[in-house]
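K.L.:
Take a look at the following structure, please.
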Amino acid sequence: MRRLVFITQQVDPQHPALAATVRKVQALAERVDELVVLADGVVPAALPENCRFHTFAAATRVGRGARFEAALVRELQPRPLAVIAHMCPIYAVLAAPLVRPVRIPLALWFTHWRRSRLLALAARTSTVVFSVNRETFPLVSAKLVPIGHGIDVDGFTCSERLAGEGLRALVLGRTSPAKGVDHVLRAVGRARSEGTDVEVDVYGPSLSDEERRHRAELEELAATLGGAARVHDAVPRSEVPRLLAGADCLVNNMRAGATDKVVYEAAASCVPVLASNPAFADLLDGLDLGFPREDDAALAHRFAELAATPVEQRARLGTTLRDRVVAGHSVDAWADKLLAAVA
C-alpha cells in the first residue's frame, strides 16, 4: 500500500494566503493509495476520498507539539513512502526524531527568502529538500531538488483581450513591505507623468501588524495618484481567475529569494507578467518583462513599452508564458517529481 504523510498549516480552499495547498494535496492523493494530512486546520470537504487527517491545533505551543507528535507516531505504521513537511521548517525538526531512526524519508518543501537557524536545522535533518528552483531556497544544500511551483494550470484559462484605452495593471498579494508594492505605485505615477495611460489595482490581505501598517501607507500613496491606483481587500481564491482575465498585465515586485505563485497563475492565464525577482529567469527569459526591484523609472518604462505593444503581440507573449508554466511548474509535474525523489 502506497501511503504518504503530508504536514502543512492549513487545508482550506478559502484561506486568503494558503488556499493553493488544497490542489497540491489533491495531486499527491491521486498518486498514492492513501494520503494522511497533519495540519493546524483542515476543511474536511476539501480532501479527496483516499485522504485522512489529524489536526494539531492547541492553545499552547507545547500542546501543539504534543498533538503533532502523537498524530505522527500513529501514522508511521503501515510504513509511509515519506513524510513531507510543507513550508514550515519546525515540522521537519519535530518529525525527524520519529522518522529518521526508522529510515522513513523526510522531505522539506520550502520556498522563501528568509533564512534562519531553524531552517538550517530542518535542512540538515531532512533526507531531501524541495523548492521551486535553486534561487528560492536561501541556503546552499546538496539535498536540494528543484521541482517547480506546483500550479493548478487547469484552473486558469486564457481570455481574449480586446484593444482598449490604457493599460490595466494588477498586483495580487499580501500587503507586506517585502512585496515592494510602494515601488509599483510610484512607477505608475511616473509612467503617467511621462504620458503612459496606466492604472493599477492592488488586492491582498493584511495578516500581521506590519502588513496592516504598510497597507495604510499604500493607501496614502495610492490617494496621491488621482484615482489611477486602488488598494482593495483580498478576494477569495475562486475570484483570482476573474481578476486576471480583466488585467493587461500582472506586476510582481517581491524581493529576491521567493517566487509568488500568482506570477505563475497569471502566466498560466496568458497574462503578461512584469517581475523584478531573478528567480523568475526561467519563466521570463528573452521576453523583456523584467525590471530592477527598486528602480521605479525602469518599471515605468516597462509600462510604457507594454502599453505600446499591440494586443496580438501581448497575446503571443501570454501564450509563451503559459507554455512555460505547463512545462515546468504544473501541480502534476510537481507531484510527479516529488514522489520520484522519495519513492
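K.L.:
Could you tell me the relative contact order of region 238-343? Use alpha-carbon pairs under 8 Å, at least six residues apart, and round to a whole percent.
P.N.:
Rounded, it is 26 percent for region 238-343.
K.L.:
Hey, how much of the P(r) for region 153-216 falls beyond 16 Å, as a percent of Cα pairs?
P.N.:
Working: 1176 of 2016 pairs.
Beyond 16 Å sits 58 percent of the P(r) for region 153-216.
K.L.:
With Cβ to Cβ distances under 12 Å as the rule, what net charge do the other residues near A343 carry (K, R +1; D, E -1)?
P.N.:
+3
K.L.:
Between L139 and E217, what length comes free when the chain is fully extended (0.36 nm per residue of separation minus the Cα-Cα distance, one decimal in nm)? Intermediate results must be reported in sequence, preceding the final value.
P.N.:
Details: separation 78, 0.36 × 78 = 28.08 nm, distance 3.23 nm.
Full extension of this stretch gives 24.8 nm more.
K.L.:
Related question: Could you give the length gained by full extension between D197 and L162, i.e. 0.36 nm per residue of separation minus their alpha carbon distance, to one decimal place?
P.N.:
Details: separation 35, 0.36 × 35 = 12.60 nm, distance 1.61 nm.
Contour length minus Cα-Cα distance gives 11.0 nm.
K.L.:
Sort region 46-168 into rounded, prolate or oblate with this rule: let a ≥ b ≥ c be the square roots of the eigenvalues of the Cα gyration tensor; rounded if a/c is under 1.5, and if a/c is not under 1.5, prolate when a/b is larger than b/c, oblate otherwise.
P.N.:
Working: a/c = 2.15, a/b = 1.66, b/c = 1.29.
Here region 46-168 falls in the prolate category.
K.L.:
Counting only heavy atoms of protein chains, what accessible area per residue, in Å², does region 276-343 have with a probe of 1.4 Å? Don't skip to the answer; put the middle values down first.
P.N.:
Working: 3090 Å² over 68 residues.
Roughly 45 Å² per residue, with all protein chains present.
K.L.:
Right, another one. With the other protein chains left in place, how much accessible area per residue, in square angstrom, belongs to region 1-72 at a 1.4 angstrom probe? Write out the running numbers ahead of the final one.
P.N.:
Numbers: 3150 Å² over 72 residues.
Solvent-accessible surface per residue comes out at 44 Å².
K.L.:
Quick one: angle between helix 296-307 and the longest Cα principal axis of the chain, in degrees between 0 and 90, rounded to 10, please.
P.N.:
80
K.L.:
Right, here's the next one. Using a cut-off of 20 Å between alpha-carbon atoms, which lysines can reach K261, once sequence neighbours fewer than 8 places away in the same chain are excluded?
P.N.:
K24, K179, K337
K.L.:
Post the alpha-carbon centroid distance, region 13-59 to region 202-260, in whole angstrom.
P.N.:
For region 13-59 versus region 202-260, the Cα centre distance is 27 Å.
K.L.:
When you count, for each residue, the other Cβ atoms within 10 Å and take the mean per peptide, how do 243-249, 168-174 rank with the highest first? Display every interim value, and only then the final one.
P.N.:
Details: 243-249: 19.9, 168-174: 22.4.
Going by the mean number of other Cβ atoms within 10 Å, highest first, we get 168-174, 243-249.
K.L.:
In whole Hz and in residue order, list the ³J(HN,Hα) couplings for region 204-219 that follow from phi through the Karplus curve 6.51 cos²θ - 1.76 cosθ + 1.60, θ = phi - 60°; x for Gly and Pro.
P.N.:
Using θ = phi - 60°, the values come out as x, x, 10, 9, 9, 4, 4, 5, 5, 5, 5, 4, 4, 5, 5, 5 Hz.
K.L.:
Quick one: pull the percent of accessible area on region 1-128 belonging to carbon and sulfur, 1.4 Å probe, ligands and nucleic acids left out.
P.N.:
Working: 3250 of 5830 Å².
C and S atoms contribute 56 percent here.
K.L.:
Under 5 Å between amide hydrogens, which residues at least 5 positions from V11 or on another chain qualify, with H placed 1.01 Å from N in the peptide plane?
P.N.:
G41, V42, V43
K.L.:
Isolated Cys in the chain by the 4.7 Å beta carbon test?
P.N.:
Unpaired cysteines in the chain: C51, C88, C249.
K.L.:
Highest GNM mean-square fluctuation, the chain, Cα pairs closer than 10 Å: which of V200, V188, V43?
P.N.:
V43
K.L.:
Amide H to amide H under 5 Å from N252: which residues, 5+ apart in sequence or cross-chain, H placed 1.01 Å off N in plane?
P.N.:
Placed amide hydrogens put L274, A275, S276 under 5 Å from N252.
K.L.:
According to a simple spin-label model (label point 7 Å from Cα along Cα-to-Cβ), what is the distance in nm between R242 and Q14?
P.N.:
According to this spin-label approximation, the distance is 1.5 nm.
K.L.:
Run the Debye formula on the Cα coordinates of the chain, all scatterers equal and no solvent, and tell me log10 I(q)/I(0) at q = 0.10, 0.14, 0.15 1/Å.
P.N.:
Summing over Cα pairs of the chain leads to -0.62, -1.12, -1.24.
K.L.:
Run down the aspartates and glutamates and flag those whose C-alpha is under 19 Å from the C-alpha of K143, throwing out any fewer than 8 positions away in its chain.
P.N.:
E135, D336
K.L.:
Could you tell me how many degrees, from 0 to 90 and to the nearest 10, lie between the Cα long axis of helix 331-342 and the main elongation axis, the longest principal axis, of the Cα atoms of the chain?
P.N.:
Roughly 40 degrees between the two axes.
K.L.:
Just the number please: accessible area per residue for region 171-264, 1.4 Å probe, all protein chains included, in Å².
P.N.:
Values: 3840 Å² over 94 residues.
Roughly 41 Å² per residue, with all protein chains present.
K.L.:
Karplus couplings for region 44-57 from phi (6.51 cos²θ - 1.76 cosθ + 1.60, θ = phi - 60°), rounded to Hz, Gly and Pro as x?
P.N.:
Going residue by residue, I get x, 5, 7, 8, x, 5, 8, 10, 10, 8, 10, 10, 10, 4 Hz, with x marking Gly and Pro.
K.L.:
If the chain between M87 and R31 were fully stretched, how many nm would it gain, using 0.36 nm times the residue separation less the Cα-Cα distance?
P.N.:
On the way: separation 56, 0.36 × 56 = 20.16 nm, distance 2.08 nm.
Length difference between fully extended and current span is 18.1 nm.
K.L.:
Around K143, which amide H atoms from residues at least 5 apart in sequence, or from another chain, sit under 5 Å from its own amide H, with H modelled in the peptide plane?
P.N.:
none
The values are calculated or read from the model by the stated rules, or taken from the named source; none is laboratory data. It should be emphasised that the depicted structure is a prediction, and the values quoted were computed from it without experimental measurement. Virtual Cβ from ideal backbone geometry, glycine too; neighbours counted across all protein chains shown. SASA here: full protein model, heavy atoms, side chains in, ligands and nucleic acids out. Shrake-Rupley method; radii C 1.70, N 1.55, O 1.52, S 1.80 Å.
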